[in-house]
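The values are calculated or read from the model by the stated rules, or taken from the named source; none is laboratory data. Owing to the predicted nature of the structure, the values given are computational and were not obtained by experimental measurement. FYI the Cβ positions are ideal-geometry reconstructions off the backbone, even for glycines, and counts take in every protein chain you see.
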Amino acid sequence: MSHSTWLAPVRYVEADQQGIVFNAHYLTYCDEAFGAFCAERGLLAFAEQVNLVSSTLTWTAAARWGDLVEVRTRCLRVGRTSTAIAFEIRASGRDCCHVETTYVLTDADGTKTPIPDSVRTELIDAAS
């Protein structure tokens with residue numbers, strides 16, 4: 001399984017008075033999609049221990065109230081303590097936003113920790 005897809009309708013609360021989704025909600029969509037991506041791979045414990053350290057968003061069109069948002073999630077690369085995840089966001093079939101997020105695995109004290117081999121294997125499989 002190289003990617004996963006998360007779907008949800010744009011809720012009224014996510015749109016401004018013009019019916020356009022406010023930009024911060026795109027990261028919420030990515031959070032939901034990342035949770036689904038990890039759940040499909042048995043990586044929920046990993047998802048609970050990572051910290052987001054960077055996200056880059058590039059918009060190509062707006063999502064609007066009433067659209068169905070589709071977020072396709074895939075792993076781009078895996079480092080020693082971090083992983084880069086790509087999110088492709090579409091709204092009712094239109095490309096909207098591309099997001100690249102880097103997550104770092106930490107222990108309970110917030111110290112970076114190596115990604116376990118079993119998790120690394122699942123992430124690498126999701127990158128192919």
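Out of Val50, Val104, Val78, Val71, which single residue is in contact (Cβ under 8 Å) with a residue 60 or more places away in the chain and aliphatic (A, V, I, L, M)?
Step by step, each of Val50, Val104, Val78, Val71 is checked, and only Val71 is in contact (Cβ under 8 Å) with a residue 60 or more places away in the chain and aliphatic (A, V, I, L, M).
Return the residue satisfying two criteria in turn: it lies in the range 58-68 and is out of contact with any Ser or Thr (no Cβ under 9 Å at 6 or more places or on another chain) and assigned to a strand (DSSP E or B), and of such residues it is farthest from Glu100 (Cα to Cα).
It comes out as Trp59.
Just give me the residues in the range 104-128 being crowded, with 17+ Cβ neighbours inside 10 Å and touching a helix residue (DSSP H, G or I) at 6+ places or on another chain (Cβ under 8 Å), in sequence order.
Within the range 104-128, Leu105, Ile115, Val119, Ala126 meet the criteria.
With in contact with a Cys (Cβ under 8 Å, 6 or more places away or on another chain) and either modelled with pLDDT of 95 or more or of a type in the set (A, V, I, L, M, F, W, C) (or both) as the only criterion, which of Thr81, Thr60 stands out?
Just a single option satisfies the conditions, and that option is Thr60.
Tell me, please, whether a residue that is under 19 Å from Phe37 (Cα atoms), under 13 Å from the mean Cα position of the chain (by Cα) and of a type in the set (A, V, I, L, M) can be found in the range 103-120.
No, that holds for no residue.
Name the single residue that is farthest from Glu32 (Cα to Cα) among those in the range 65-92 being β-branched (Val, Ile, Thr) and more than 11 Å from the chain's Cα centre (by Cα).
The extreme case among them is Thr81.
Tell me, please, whether a residue that is β-branched (Val, Ile, Thr) and within 20 Å of Ala127 (Cα to Cα) can be found in the range 22-40.
no
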